[in-house]
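To start, the structure itself, in structure tokens.
Values in this text are rule-based calculations from the coordinates and carry no lab data. All figures in this text were calculated on a predicted structure; none of them were measured in a lab. Cβ sites come from the backbone with ideal geometry, for glycine too, and all protein chains shown count toward neighbours.
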Amino acid sequence: MLRPRTPRPTLPPDVPLRFLSRLDLLAGGARPREITTAVRAGDLLRPRRGRYLPHDCHPTVITAVRAGGRVDCLSLLALLGVFVERPSPPHVQVDPDASRLPTAPDGVTRHWRATTAAEDAVITPLVEALAASVRCQAPRAALATLDSAWHLGLVDETEIAQVFALLPRRYRRLRPLLDPRAEAGTESLVRLMLRGLGCGFDLQVEIDGVGFVDILVEGWLIVECDSEKHHGGWQDHKRDRRRDATAVALGYVPLRFIAEDILFHPERVLATLRAALAHGPRR
């Protein structure tokens, strides 16, 4: 039985790829007075002089263009559905030689760096955003983000190499720790905990009668990482309880962690893993 592939995510429909200049609007047949009227009526947005966006544009894009840059780093990844440990106010890429920029709104992070993006682009290339995200997060969170983008099919091994080529050499030690089999960022975080404990484990293991499990540790401990997104209904909980019962009958020990604890109380998760492994497998 093959594991179903996760559909490759795309940007939300309210995220355009580029802004329009006044010349673009005029070339499209709009008259100067019509442009002014549309802006005053709210049918067309002008977040920055000479830059226009659709009236229903995503707020993050509006903030980025108003700040004189492009959606970047954690903000772009979040729009694509890539795992980021802690969503934050907009991250905006700004050209190093940009001048006369307005003061950035509170919380907005500006990344002053060059980009290969087109001048009228409102988002940065994904490889650049991933490289920026590695710098903006702790190493474990950065690994989970890279795992997520790779698993979702947004990048391949060649593009992962390009990400590390954009980073200082000290980050290259992270590359061997990546594993695109992880279906969620929380799985990556727990995997790194298990690695730190020095135990053997494998990801996305299929067990007859049970199905695929997130992580199988030392051949007997099943670790599942549950989130509200995929376990929000009673039918989901019934399915999981039946799977756990079957696993116990087969001699496995199922252990479930919720995303909230993995993200915000990792010390509890680590302590539970350590205690479970100390008890050893059922006889």
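Things to note:
- Label sites at residue 40 and residue 177, each approximated as a point 7 angstrom past Cα along Cα to Cβ, lie 5.8 nm apart.
- Distance between the C-alpha centres of the range 109-126 and the range 32-87: 14 Å, rounded to the whole angstrom.
- Within the range 144-248, GluC sites (Glu not before Pro) in DSSP loop having at most 16 other beta-carbon neighbours inside 10 Å: 218, 228
- Taking the range 156-176 and a reference point 7 angstrom along Cα→Cβ of residue 8, the backbone N atoms nearer than 16 Å belong to 156-160.
- Each residue, residue 17 and residue 165, gets one label point 7 Å from its Cα in the Cβ direction; the gap between the two is 2.2 nm.
- Here, the chain is characterised by an Rg to Rh ratio of 1.07, where Rg is the alpha-carbon radius of gyration and Rh the Kirkwood radius.
- Packing-based exposure ordering (other Cβ within 10 Å, fewest first) of 237, 91: 237, 91
- Extension gain from residue 55 to residue 206, taking 0.36 nm per residue of separation minus the Cα-Cα distance: 49.6 nm
- Potential extension, residue 120-residue 242 segment - 0.36 nm per residue separation minus Cα distance: 38.6 nm
- Computed over the range 59-177, Kirkwood Rh from alpha-carbon pairs, angstrom: 14.4 Å
- Whole-number percent relative contact order across the range 1-144, with pairs defined as alpha carbons under 8 Å at least 6 apart: 23 percent
- Largest GNM mean-square fluctuation among 119, 34, 267, using the chain with Cα springs under 10 Å: 34.
- Globularity index of the range 150-189 is 1.20 (Cα radius of gyration / 2.2 N^0.38 Å, N = number of residues).
- Residues of the range 259-282 with an amide N closer than 19 Å to a point placed 7 Å from the Cα of residue 138 along the Cα-to-Cβ direction: 259-274.
- Between 0 and 90°, nearest 10: helix 32-41 axis offset from the chain longest Cα axis: 50 degrees
- Residue-averaged 222 nm ellipticity for the chain, from DSSP H runs of 4+ at -39500 (n - 2.57), nearest 500: -12000 deg cm²/dmol
- Each 5 Å bin from 0 upward holds the following percent of the Cα-Cα pairs of the range 1-113: 2, 11, 18, 19, 18, 13, 9, 5, 3, 2, 1, 0, 0.
- Footprinting exposure proxy ranking of 163, 61, 248, 94, fewest other C-beta atoms within 10 angstrom first, gives 248, 94, 163, 61.
- In percent, rounded to a whole number, the relative contact order of the chain is 12, using alpha-carbon pairs under 8 Å and six or more apart.
- Whole-angstrom gap from the range 264-281 to the range 172-251, using each part's C-alpha centre: 14 Å
- Residues 179, 106, 43, sorted so that the one with the fewest Cβ neighbours within 10 Å comes first: 106, 43, 179
- Of all DSSP beta bridges in the chain, antiparallel share, percent nearest 5: 60 percent
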